[in-house]
Amino acid sequence: MIKVAINGYGTIGKRIADAVKAQDDMEVVGVAKTRPNFEAKLAIERGYDLYAAIPEKCDDFEMAGIDIVGTIYDMLGEADIVVDCTPEGMGAKNKPMYEEAEIKAIFEGGEKHDVAGFSFNAECNYAGAIGRDFVRVVSCNTTGLCRVIHPLNEAFGIKKVRAVLVRRATDPGDVKKGPINAIMPDPVKLPSHHGPDVNTVLPEIDITTMAIKVSTTLMHLHTLNIVFDSIPAVDDVKAVLQKRPRIRFVSAADGLTSTASIIEMGRDMGRPRYDVWENCIWEDSIDVEGGELYFFQAIHQESTVIPENVDAIRAMTNLEKSAEKSMQKTNTAMGLG
Ligand code: NAD
């Protein structure tokens with residue numbers, strides 16, 4: 001059993017903890033938190049050992065009546081690998097601590113590529129992560145783009161990708177960020193960082209992205225336009241995408257006409273925290289016009305990267321050499337696909 005520590009128990013950290021717990025070849029040795037809030041209490045209720053992420057703050061937990069097992073240094077001593085789920089930029093600051101503890105570490109998409117020197121997506125470059133000490137799992141938007149670009153490139157040869165990303169303003173639990181009543185080019189100056197981020201995983205792809213932030217918390221929505229070496233038929237495109245378990249076709253004919261209805265579907269499926277781990281591609285939107293492919297997909301920002309983190313753990317700790325087998329194992333344990 002590979003022992004996994006989770007540093008940062010927020011939106012991403014708590015989901016990774018539960019996904020790791022669901023696997024039979026790895027276990028969670030503990031989660032580290034900075035503050036003794038409701039998430040700390042619930043982590044203990046879910047059976048996780050809780051550690052203080054900032055050693056000087058141990059007393060805060062004691063005063064709140066929350067039992068901690070030790071500090072982050074104790075947690076790192078128990079683990080084979082740590083998943084850093086702290087806010088954007090904090091992972092880079094934590095890296096020296098992981099190096100000192102001689103522990104493998106996964107960083108998330110809020111960090112720069114350089115933090116690990118290897119940016120990961122299970123479908124695209126699993127083999128490159130095998131045995132590595134440091135890996136960065138790319139962001140939700142980049143993961144969503146890589147999941148469709150890679151198989152389409154393999155099947156038809158991509159000449160160029162142009163994508164517009166309509167991004168949720170923030171996550172549902174956050175009250176600090178906006179906009180709450182605006183549509184905001186983000187950034188105004190093109191391109192957005194998402195295209196170059198795809199290139200950290202798939203360097204050969206010609207991709208340009210634009211991004212807009214809108215007043216919603218549920219999901220991102222991507223509009224994709226792809227030009228290929230040869231013009232594929234719509235049915236051939238569908239056949240390629242349909243084979244991928246981390247891609248789900250949705251249809252307006254079923255009443256799935258918006259990100260809101262997709263999230264409602266996640267609720268009705270009884271998914272944990274209504275998570276929709278798959279790219280949701282509107283099948284009705286897939287079309288080839290003037291020799292170019294167009295479609296819409298929705299990406300659930302809170303959960304898309306979770307299975308990828310499990311696969312990254314398996315690759316880095318040499319648990320499984322085959323990307324396909326790891327992805328299948330992860331998916332089955334999580335109830336995905
Ligand atoms: P979050 O704010 O929901 O959670 C971060 C947690 O880390 C919080 O509980 C915070 O209290 C804690 N924390 C703060 N400083 C810490 C420290 N020094 N040590 C330990 N814990 C600390 O953030 P998140 O959305 O889970 O994001 C985590 C990472 O995942 C970021 O790199 C982010 O860019 C990336 N990511 C986020 C999303 C998303 O949509 N939320 C999607 C994909 C990737």
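The values are calculated or read from the model by the stated rules, or taken from the named source; none is laboratory data. Not measured: the values here are computed from a predicted model. Neighbour counts are summed over all protein chains in view; Cβ atoms, including those assigned to glycine, are modelled from backbone coordinates with ideal geometry.
For this structure, a couple of remarks:
- Evaluation of Ile263 against the conditions (1) out of contact with any strand residue (DSSP E or B) (no Cβ under 6 Å at 6 or more places or on another chain); (2) within 16 Å of the ligand (Cβ to nearest atom); (3) of a type outside the set (Lys, Arg); (4) closer than 19 Å to Asn121 by Cβ shows that the sole unmet condition is (4).
- Looking at Pro232, Pro203, just one residue is out of contact with any Asp or Glu (no Cβ under 9 Å at 6 or more places or on another chain), over 19 Å from Val164 (Cα atoms) and without any contact (Cβ under 8 Å) to a residue 40 or more places away in the chain, and that residue is Pro203.
- From the list Ile72, Ile81, the one residue that fits, being within 24 Å of the chain's Cα centre (by Cα), away from the ligand (no atom under 14 Å from the Cβ) and modelled with pLDDT of 95 or more, is Ile81.
- Checking Ser119 against (1) buried (at least 23 other Cβ atoms within 10 Å of the Cβ); (2) more than 12 Å from the ligand (Cβ to nearest atom); (3) farther than 30 Å from Ala239 by Cα; (4) small (Gly, Ala, Ser), the condition it does not meet: (3)
- The residue of the stretch 85-102 that is farthest from the ligand (Cβ to nearest atom), among those that are under 16 Å from Val4 (Cβ atoms) and in contact (Cβ under 8 Å) with a residue 60 or more places away in the chain, is Asn94.
- Conditions (1) more than 23 Å from Ile130 (Cβ to Cβ); (2) surrounded by fewer than 19 Cβ atoms within 10 Å (Cβ to Cβ); (3) within 12 Å of the ligand (Cβ to nearest atom): number failed by Lys112: (1)
- Only a single criterion out of (1) modelled with pLDDT under 95; (2) buried (at least 19 other Cβ atoms within 10 Å of the Cβ) is not satisfied by Gly178, namely (2).
- Within the stretch 115-133, residues that are closer than 12 Å to Lys321 by Cβ sit with their Cβ atoms under 8 Å from residues that are basic (Lys, Arg), at 6+ positions apart or across chains, in these pairs: Ala127/Lys321; Ile130/Lys321.
- All of (1) of a type in the set (Gly, Ala, Ser); (2) modelled with pLDDT under 95; (3) buried (at least 22 other Cβ atoms within 10 Å of the Cβ) hold for Ala312 with one exception: (2).
- For the stretch 1-12, the set of residues classified as within 9 Å of the ligand (Cβ to nearest atom) and part of a strand (DSSP E or B) consists of Asn7 only.
- Among the residues of the stretch 181-210, those identified as surrounded by fewer than 19 Cβ atoms within 10 Å (Cβ to Cβ), among the charged types (D, E, K, R) and in contact with a strand residue (DSSP E or B) (Cβ under 8 Å, 6 or more places away or on another chain) are Asp186, Asp206.
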